[in-house]
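Here's the structure, in structure tokens; my notes come after.
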Amino acid sequence: MHIIAMRQKMGLGTISESARLVCAGVTLGLHATRGTTMKYSLAVLSGAVVMAMILPAGQAFAQGAPQTAGIVRVDPQTVATGFRASKLIGSTVVNDANETVGTVDDLIVTPNAAAPFAVLSVGGFLGLGTKYVVVPFTSLQVKDKTHMLLAGASKDSLKALPEFKYAS
């Protein structure tokens with residue numbers, strides 16, 4: 001019989017009420033069996049058995065708010081076909097005409113956005129005069145291991161974007 005059904009048939013209310021009754025029964029049993037070790041052990045054992053029946057099986061009572069993990073099942077083979085961030089950083093960014101318009105300097109994940117952002121290095125020569133700008137990573141298409149396509153972009157349109165500065 002299910003434990004909750006047994007508790008209802010016995011007319012027991014909450015678990016704390018049930019625990020009080022068991023403790024009272026064990027105490028009475030101890031007073032009635034004073035002097036005999038075997039009877040004492042039997043009283044304690046029966047009290048423990050009754051307590052085990054009263055408490056819901058398989059439930060744990062933790063302190064504080066219940067904790068849940070937002071785990072989503074992912075197919076590892078599908079993920080393995082993707083590109084690691086470490087391999088995309090440093091990729092050349094080209095436009096529709098296959099002209100180089102910048103390079104991927106970094107990928108950033110923000111707390112509120114579901115998709116990362118790409119920090120592009122545009123302009124400059126040998127690191128001098130370089131400007132960092134940010135575009136949504138979803139606007140980039142991976143062409144191959146070293147090239148990414150940013151459709152509709154030009155060097156001038158990227159230089160016109162607000163400059164990105166890393167937070168300290």
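Values quoted throughout were computed directly from the atomic coordinates according to the rules given, and no laboratory measurement underlies them. Keep in mind the model is a prediction, meaning the values are calculated, not measured. Please note: Cβ atoms are built from the backbone with ideal geometry, for glycine as well, and neighbour counts cover all protein chains shown.
List of remarks:
- Pair list, Cβ < 6 Å and 6+ apart or interchain, from segment 153-168 residues that are touching a residue at least 24 places away in the same chain (Cβ under 8 Å) and under 13 Å from SER121 (Cβ atoms) to residues that are surrounded by 10 or more Cβ atoms within 10 Å (Cβ to Cβ) and aromatic (Phe, Trp, Tyr): PHE164/TYR132
- Test: PRO116 is under 23 Å from the mean Cα position of the chain (by Cα), surrounded by 12 or more Cβ atoms within 10 Å (Cβ to Cβ) and not basic (Lys, Arg): yes
- Annotation note: of VAL109, VAL93, VAL142, the sole residue that is surrounded by 10 or more Cβ atoms within 10 Å (Cβ to Cβ), more than 25 Å from the chain's Cα centre (by Cα) and within 22 Å of GLU163 (Cβ to Cβ) is VAL93.
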